[in-house]
Amino acid sequence: MDLQPLGDRIIVEVLEEEETTTSGIVLPDTAKEKPQRGRVLAAGPGSRNDKGDLVPMEVAEGDEIIFSKYGGTEIKLGTDEVLILRESDVLAKVISTGSKKAKKKELAGASA
């Protein structure tokens, strides 16, 4: 089944978070938080302003996004589950997925 979102809606593939913590503890399904990260599979044309002009979407197909934890509607496409969100449910676009740089932390008041 092919879907084309309408208005300011997008179809998102939810990206699963890691199953282990940074210290190596494996989390069971019941302890995991609902994912908030996804990849845009399709985007609608956009919304209309007060004058009726089309306002284009800020996200496009292929963008990686952070969205509201309980926003959207989950639907099943064959064996895959996707999420239909409004553009207003998108909190941010992920610009870089590189690893964090190691930062040297200094204790307050400590000097060598």
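When the Karplus curve 6.51 cos²θ - 1.76 cosθ + 1.60 is applied with θ = phi - 60°, which whole-Hz ³J(HN,Hα) does each residue of the stretch 39-45 get, with x for Gly and Pro?
10, 6, 8, 7, 10, x, x
Using the Karplus equation 6.51 cos²θ - 1.76 cosθ + 1.60 (θ = phi - 60°), what ³J(HN,Hα) coupling, rounded to whole Hz, does each residue of the stretch 78-84 give in order, writing x for Gly and Pro?
In residue order, the calculated couplings are x, 9, 9, 10, 10, 10, 9 Hz.
Quick note: the coordinates plus some simple rules give every number you see, no bench work behind them. Keep in mind that this is a model prediction, so the values were computed, not measured.
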